[in-house]
Amino acid sequence: MPEFQCTRCGKCCVNFGRYVTIERNLGPGDFFCRFQITGELFRAHLDPAFRALFEEKGAAAAHPEWCTFLRKDPEAHGFVCTIHATRPPFCRSFRCYAMKIFSRDGTEIGTVGGNRALLSKDADLARCWQERVTLLTDRDEGRWRERVLDTLSKEGYRVEIYS
């Protein structure tokens with residue numbers, strides 16, 4: 001099973017501002033934080049490469065819904081987590097999608113979210129999903145993914161499942 005690769009789109013963290021809060025500044029680049037959903041406390045350390053980016057407060061002030069440690073990185077053409085190495089367990093386990101689906105020529109044509117929903121503009125894949133995959137009702141997530149892989153593979157698609 002391939003490892004999930006973050007594309008740095010920022011879609012997950014742009015709504016986490018209410019979930020990750022700084023409780024106390026422990027010194028330059030070190031914070032005591034709380035994950036509001038579970039009440040879990042964790043220590044966060046700024047990645048030195050992103051310290052200057054974190055200290056630019058303009059974007060954070062303009063977007064209070066963003067995670068306090070999220071910054072837009074113009075050099076990387078995306079977003080960065082300024083505490084990536086010390087992010088809380090919830091952030092470590094979060095996945096935007098559970099699988100990617102590719103056409104016969106290797107073009108990515110769809111993704112499947114953790115809620116088993118297909119995101120695709122490909123009409124043939126959408127039809128196949130509706131006619132075949134929605135009939136798979138396994139409660140066990142691992143078994144369901146295996147059956148999706150088998151079903152779509154038989155239709156000529158390549159599927160990558162992420163853990």
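The values are calculated or read from the model by the stated rules, or taken from the named source; none is laboratory data. These figures come from a predicted structure and were not determined experimentally. FYI the Cβ positions are ideal-geometry reconstructions off the backbone, even for glycines, and counts take in every protein chain you see.
Annotations for the structure displayed:
Residue-wise test of (1) touching a residue at least 12 places away in the same chain (Cβ under 8 Å); (2) under 17 Å from the mean Cα position of the chain (by Cα); (3) in a loop (DSSP other than H, G, I, E, B); (4) over 25 Å from residue 7 (Cα atoms).
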{"site": "101", "(1), (2), (3), (4)": "yes, yes, no, no"}
{"site": "104", "(1), (2), (3), (4)": "yes, no, yes, no"}
{"site": "109", "(1), (2), (3), (4)": "yes, no, no, no"}
{"site": "125", "(1), (2), (3), (4)": "yes, no, no, no"}
{"site": "128", "(1), (2), (3), (4)": "yes, no, no, yes"}
{"site": "137", "(1), (2), (3), (4)": "no, no, yes, yes"}
{"site": "147", "(1), (2), (3), (4)": "no, no, no, yes"}
{"site": "150", "(1), (2), (3), (4)": "no, no, no, yes"}
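- Options 111, 151; residue that is within 28 Å of residue 8 (Cα to Cα) and not assigned by TED's automatic domain parsing to the domain that holds residue 21: 111
- Residues that are touching a helix residue (DSSP H, G or I) at 6+ places or on another chain (Cβ under 8 Å) and not basic (Lys, Arg) within segment 104-124 comprise 109, 110, 112, 118, 120, listed in sequence order.
- Taking segment 1-98 and the helices (runs of 4 or more DSSP H) fully enclosed by it, the elements with 1 or more residues that are within 30 Å of residue 160 (Cα to Cα) are at 89-93.
- Taking residues in segment 80-94 that are within 17 Å of residue 32 (Cβ to Cβ), and partners anywhere that are surrounded by fewer than 20 Cβ atoms within 10 Å (Cβ to Cβ) and among the acidic types (Asp, Glu), the pairs with Cβ atoms closer than 7 Å and at least 6 places apart or on different chains are 82/47; 83/47; 85/47; 88/40.
- Matching residues in segment 103-128 - criterion: being of a type in the set (Ser, Thr, Tyr) and over 12 Å from residue 155 (Cβ atoms): 107, 111, 120
- Of the residues in segment 112-123, at least one is polar (S, T, N, Q), within 30 Å of residue 145 (Cα to Cα) and either within 13 Å of the chain's Cα centre (by Cα) or not in a strand (DSSP E or B) (or both).
- Picking from residues in segment 111-136 that are within 25 Å of residue 93 (Cβ to Cβ) and polar (S, T, N, Q), the one that is modelled with the lowest pLDDT is 115.
- Among the residues making up segment 152-163, those that are in contact with a strand residue (DSSP E or B) (Cβ under 8 Å, 6 or more places away or on another chain) and assigned to a helix (DSSP H, G or I) are 152, 153.
- Selection within segment 1-51: residues that are of a type in the set (Gly, Ala, Ser) and within 23 Å of residue 97 (Cα to Cα). The member of this set that is farthest from the chain's Cα centre (by Cα) is 17.
- Those residues of segment 110-145 which are surrounded by 15 or more Cβ atoms within 10 Å (Cβ to Cβ) and in contact with a strand residue (DSSP E or B) (Cβ under 6 Å, 6 or more places away or on another chain), in sequence order: 110, 111, 112, 118, 120, 122, 125, 129, 145
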